[in-house]
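What follows is a single structure, written as structure tokens, with notes after it.
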Amino acid sequence: MTSTETEKKRSSFPTVIVLAAILIVVVLTCVPYLVTIALAEEAAERADASPIFGVTIPPGYKQWELIAPAEEAAPLDELRAVVGNQAAIDAYQAGKLPIPDGTILVKRAWKRKQSPEFASATVPGAATTVQVMVKDSKKYAATGGWGFGRFVNGKPVDEAQHRTCFACHEARVKNRDYVFTRLAP
């Protein structure tokens, strides 16, 4: 190595140190900002998540396939439709119990009203609730593998109402993997 090459290496060494120091300063300056943004987004997501379970309304659920309709008698007087993601549809079509992890069931509910055009027909009125069940046997091991969410106007109802979900399913449909809905013929 010639003395000129050695001089060039020595003169570029401080430049590398300066650039590394600038990079460290930039990273240390940006990290708190990025963490703040991430925490703010997480907090916003939690505001729309059910208490206890952290379940949210899944995007695109209104386009999911129908599993079954239902009618709830008085005092609720509701029409209901249970839809499911592809994992749910596959499990129902295969008659698979227990239902596999990744399954999401969504119950949409509306007040029942008489059709203005056809006296003997009942049609959906005002929307009342969206109820969600998410299967994750590890995350929700204490509740039969299911997480629950009940939402009114897109917002989760209080914790007290969510505490009733599993108890109702456990008392009535434990032998069906805690799911009431059966595939409509």
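The values are calculated or read from the model by the stated rules, or taken from the named source; none is laboratory data. The structure displayed is predicted, hence computed values, not measured ones. All Cβ positions, even for glycine, are placed from backbone atoms using ideal geometry, and neighbour counts span all protein chains on display. These accessible areas exclude ligands, DNA and RNA; they are computed on the full protein's heavy atoms, side chains included. Shrake-Rupley method; radii C 1.70, N 1.55, O 1.52, S 1.80 Å.
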Specify the inter-centroid distance of the range 51-104 and the range 105-142, based on alpha-carbon positions, in whole Å. 9 Å
Please state, rounded to one decimal and in Å, the Kirkwood hydrodynamic radius that the range 42-175 gives when every pair of distinct Cα atoms enters the mean of 1/r. 15.9 Å
As a test question: what accessible area, to the nearest 10 Å², does ILE52 have when a 1.4 Å probe is rolled over all protein chains in place? 90 Å²
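Note down the net charge around GLY149, summing +1 for each Lys or Arg and -1 for each Asp or Glu among other residues with Cβ under 11 Å from its Cβ. Each step should come with its number before you reach the end.
On the way: positive: LYS107, ARG150, LYS155; negative: ASP48.
With Lys, Arg at +1 and Asp, Glu at -1, the neighbours total +2.
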Amide proton proximity set for LYS139, modelled H, under 5 Å, gap of 5+: none
